[in-house]
Amino acid sequence: MKSNSYKINNRKKTSIKWIVFRYLFIFIAILLILLWLFQIVFLEEIYTGIKIGSIKSYAKIIEKNIDSDELQTLINRISHENEVSIRIIDNNMENLYISDIIPDSMIHRMDINEIRKIYSDIKASNKSFLNIHSKEKFRDHMNNDRGLVPKQPPMNKAMVKIMIYADVIELQDGSEALVMLSSVITPVNTTVETLRVEFIFIAVILLILTLIIALFLCSKISYPIIKINESAKKLAEGEYDIKFTGDGYLEINELNDTLNYTARELSKVETLRRELIANVSHDLRTPLTMIIGYGEVMRDLPGENTPENVQIVIDEAKRLTNLVNDMLDISKIQSGSQELVLSRISLTEVIRELINTYNKLMEQDKYNIDFQYDQGVYVYADKVKISQVAYNLINNAINYTGEDRRVTVIQTVNNGIVKIEVVDTGNGIREEDIKFIWDRYYKVDKTHKRAAIGTGLGLSIVKTILDMHGCQYGVESTEGVGSNFWFEIKEDK
Ligand code: ADP
């Protein structure tokens with residue numbers, strides 16, 4: 001079957017490799033922007049922020065231990081470990097504690113006036129004092145406040161800055177002390193310069209890596225997809241025996257399996273479709289030929305207008321009806337449009353009624369259907385469908401039974417399981433055919449005279465209904481002795 005309706009959907013044409021590359025590129029770009037911002041643009045701010053944070057925390061430690069005997073040791077330790085100068089001054093502007101790690105430290109060189117100004121600033125604003133300036137600027141700034149002319153320092157990009165932090169704290173005796181800390185903020189300009197060069201290197205390397213990874217990922221991801229797509233196109237064109245071989249990762253393996261399964265199922269459907277056409281046309285043609293043939297004979301030859309011939313026409317018409325009904329049944333059941341209508345039913349009664357009707361119908365043909373059972377049993381099942389199962393099995397038994405025209409239906413109950421067996425005395429079924437008889441349109445002996453009776457659908461309907469009920473079923477058949485078709489269903493006590 002060639003199909004011309006296959007058309008590529010043009011909506012989205014971007015290949016997976018560009019999609020992967022695009023997202024990887026966005027990721028790398030964000031990474032580089034972040035690196036640029038943190039390492040280069042805001043490095044100074046971040047570094048200063050960290051410095052301010054730590055100097056404040058040292059001040060907090062000193063404040064907590066201001067009345068401790070060990071304060072001098074603590075101050076020395078903080079000072080040496082973190083390279084900060086510390087000076088604590090009392091109300092009378094006398095030094096209480098001093099630690100000087102930075103030679104020529106700003107806070108040690110401050111005169112009384114400068115200190116007083118800081119002190120009063122803190123008291124006035126009720127906030128700690130923080131000042132970051134180049135060495136010279138700081139002095140100018142103080143002088144300026146005192147009305148002295150500022151002296152412009154030479155502008156130097158890599159100027160060392162001094163940070164001074166001060167706060168007023170209360171001592172145990174009620175007096176106040178001014179805690180001053182100072183530390184050097186080394187310029188980051190040279191670092192930034194180094195980082196900038198490094199950054200360019202990193203950016204180039206990352207971009208090359210992105211390209212390589214994108215290409216690698218694409219070949220890993222897209223190659224199996226391309227392969228599968230090629231096979232799928234062939235499948236769409238009707239090549240059902242195509243094998244999907246794309247391999248590489250879990251999802252693709254699963255897709256492969258699914259598509260292989262789909263191909264197998266499609267091929268089954270295709271075979272069934274062909275068989276259906278062959279069978280149906282054959283099954284329709286035979287009775288129709290008979291009806292037309294007999295009809296013409298009866299029309300042209302008055303002597304042939306006998307009840308027997310009319311009966312043949314009626315029988316053939318009935319066969320056509322059966323075929324159409326069976327086909328409708330199976331398509332309804334198998335399309336899933338029919339659901340089970342479960343209720344508590346007397347299985348024994350259902351079968352007994354069925355056999356009675358049959359026995360009446362078959363009286364003149366001398367068929368004998370015997371029903372053996374000990375007790376009436378109830379089951380929880382779909383009444384219409386279960387009687388269809390019994391009907392199909394009994395019908396087959398009648399069609400295929402031996403010359404004695406005997407069919408026996410046996411009902412037994414064992415451990416709450418009801419077993420129904422339909423036994424005939426016919427030719428039985430060959431071992432190699434047994435596994436196929438439940439398939440749709442399967443007829444064992446297509447040339448056998450009696451095979452023309454059936455449609456090949458009966459057992460398929462039985463199988464579908466019993467599967468829906470979750471029943472066990474099967475057949476034991478001995479060639480030349482007969483067959484025993486059985487199914488089991490749970491008793492509903
Ligand atoms: P059909 O309408 O042809 O009977 P079924 O699906 O009912 O179709 O049965 C499939 C095939 O199984 C039949 O063609 C027949 O060869 C075989 N079969 C079914 N029942 C019996 C039986 N009781 N004895 C022998 N062969 C049977």
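The numbers here are math on the coordinates, done by the rules we state, and not lab data. Every value quoted in this text rests on a predicted model; they were computed, and no experiment measured them. Positions of Cβ are generated from backbone atoms using ideal geometry, with glycine treated the same way; all protein chains shown enter the neighbour counts.
Some values worked out for this structure:
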quantity: Along principal axes, Cα extents of the chain, largest first, whole Å; calculated: 148, 58, 37
quantity: Per-residue [θ]222 nm for the chain (sum of -39500 (n - 2.57) over DSSP H runs n ≥ 4, rounded to 500); calculated: -18000 deg cm²/dmol
quantity: Rounded tilt (10° steps) of 250-300 against the dominant C-alpha axis of the chain; calculated: 20
quantity: Cα long-axis angle, helix 347-361 against the chain (0 to 90 degrees, to the nearest 10); calculated: 30
quantity: Aspartates and glutamates with Cα under 17 Å of K493, excluding same-chain neighbours fewer than 8 positions away; calculated: E349, D374, D382
quantity: Likely footprinting exposure, M180, M290, fewest C-beta neighbours within 10 Å first; calculated: M290, M180
quantity: Positive dipole terminus of region 208-359, leading residue within P287, I225, L276 (C-beta point charges); calculated: I225
quantity: Relative contact order, percent, region 53-129 [alpha-carbon distance under 8 Å, six or more residues apart]; calculated: 19
quantity: Residues W36, W18, W438 arranged by fewest to most Cβ contacts within 10 Å; calculated: W18, W36, W438
quantity: Placed amide H near G426: partners under 5 Å, 5+ positions off or other chain; calculated: G402, S483
quantity: Cross-link pairs K268/K318; K385/K490; K435/K463; K385/K463 - those with Cα-Cα distance over 20 Å; calculated: K268/K318
quantity: Amide H partners (placed H, <5 Å) of S477, local residues excluded; calculated: N484
